[in-house]
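Structure, as structure tokens:
The values are calculated or read from the model by the stated rules, or taken from the named source; none is laboratory data. As the structure is a computational prediction, the values presented were derived from the model and not from experiment. No Cβ is skipped: glycine too gets one built from the backbone with ideal geometry, and neighbour counts run over all protein chains shown. Accessible surface areas use protein heavy atoms only, side chains included; no ligands, DNA or RNA. Shrake-Rupley method; radii C 1.70, N 1.55, O 1.52, S 1.80 Å.
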Amino acid sequence: MRTERVTDEATTDLFYRQLIVPSFPDEQLVTRESLVADLHSGVGEVFVARDEAGTLLGGAVGSWYEDPRVMLLSYLAVAEEGRGTGVGTFLLGHLVRDWAQRYDPCLIMAEVERPDRHTGNAAHGDPAARLRFYARLGARALDLPYFQPALEPQKARVHGMLLLLLHAAPRFADERTQSVAAGPLRDFLTEYLVETEGEVARQDPATSALWQGLDRAGGVA
């Protein structure tokens, strides 16, 4: 098995159609055009895993937020026949090491469904199993009432989500108290909401609750 960083539109389109679209609910999907635009502008990265024959086994998308210096793992998808064979572990381990070295980020994050709020299905996977997968690789869920912003004007927010910490620069994570500095998180979430929804609607109950979680003394547990 090998990983490769994708730079061409044809492979990106194949990965999007074959793996991303079947693996995620519609409200969690960006458009193919948006993904390609991010790839060309340098704010998005696409990696795929292949076997020795070149068969596409899985892939991942990262979104780089330069000002807050936060990388978001937007998608991690494995072909149905490759699930449970180590493809996801191989991809995620490679990506976290690569991004930590190349970008020197404050944080590397991922967003996943809460198992107590989402049931999943055969196509989109089991939220409980997905959370166990990330936990085995050292991810920690942040104590925030997180929701995924509406990715397109015609789509709704996805509530009942978890924001996972995959990596933190030492100066932003206190291992003794098990907390993360709120500053980079707040800057990242501000940029994410403005990018997707056009504003940070602080008067909105869900956004207000999220910001209250960021404003706790001592950082975010």
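Before moving on, here are some points about what is shown:
- Residues listed by number, region 193-221, amide nitrogen under 19 Å from Ala135 label point at 7 Å toward C-beta: 221
- Across region 121-221, the relative contact order, built from alpha-carbon pairs under 8 Å that are at least six residues apart, equals 29 percent.
- Simple rule: put +1 on each Lys or Arg Cβ and -1 on each Asp or Glu Cβ in region 68-117, find the dipole, and look at Thr85, Trp99, Leu73; the Cα lying farthest toward the positive end is Trp99.
- By a 1.4 Å probe calculation restricted to protein chains, His118 has an accessible surface near 40 Å², given to the nearest 10.
- Carbon plus sulfur fraction of accessible area for region 1-141, probe 1.4 Å, in percent: 49
- Volume per residue of the C-alpha convex hull in the chain, rounded to whole Å³: 121
- Helix runs (DSSP H) in the chain reaching 24 Å along axis by Cα, Kyte-Doolittle at least 1.6: none
- Cα gyration tensor, region 40-98 - rounded (a/c under 1.5), prolate or oblate: prolate
- The length gained on full extension between Ala156 and Arg202, counted as 0.36 nm times the residue separation minus their Cα-Cα distance, comes to 14.8 nm.
- Accessible area per residue was computed with a 1.4 Å probe on protein heavy atoms; Glu81 scores about 140 Å².
- Across region 9-123, the mean sequence separation of Cα contacts (distance under 8 Å, 6 or more residues apart), normalised by length, yields a relative contact order of 21 percent.
- Charge dipole magnitude, Cβ of K and R +1, D and E -1 - the chain, Cα centre, debye nearest 20: 760
- Three-way shape label, region 95-201, alpha-carbon gyration tensor, a/c 1.5: oblate
- Ranking Val48, Thr196, Ala122 by how far each Cα lies toward the positive end of the dipole of the chain (charges on Cβ) leaves Ala122 at the top.
- Tensor-based shape of region 100-140 (alpha-carbon gyration tensor, a/c under 1.5 rounded, otherwise prolate or oblate): prolate
- The distance linking region 187-211 with region 74-101 is 29 Å (Cα centroid to Cα centroid, whole angstrom).
- Sequence of Arg157, Arg202 from largest to smallest accessible area, 1.4 Å probe: Arg202, Arg157
- Heavy-atom SASA rank of Phe147, Phe133 (probe 1.4 Å, accessible area, largest first): Phe133, Phe147
- Contact order normalised by residue count of the chain, Cα under 8 Å, 6+ apart, percent: 17
- q = 0.14, 0.15, 0.19 Å⁻¹, region 24-140: log10 I(q)/I(0) [Debye, one scatterer per Cα]: -0.63, -0.73, -1.19
- Per the Debye formula on identical point scatterers at the alpha carbon atoms of region 1-65, with no solvent, log10 I(q)/I(0) at q = 0.17, 0.20, 0.23, 0.28 Å⁻¹ is -0.56, -0.77, -0.99, -1.34.
- The P(r) of region 163-221 has a tail past 19 Å containing 32 percent of all C-alpha pairs.
- An ellipsoid equivalent to region 84-152, defined through the eigenvalues of its Cα gyration tensor, has semi-axes of 22, 17, 12 Å when rounded to whole angstrom and sorted largest first.
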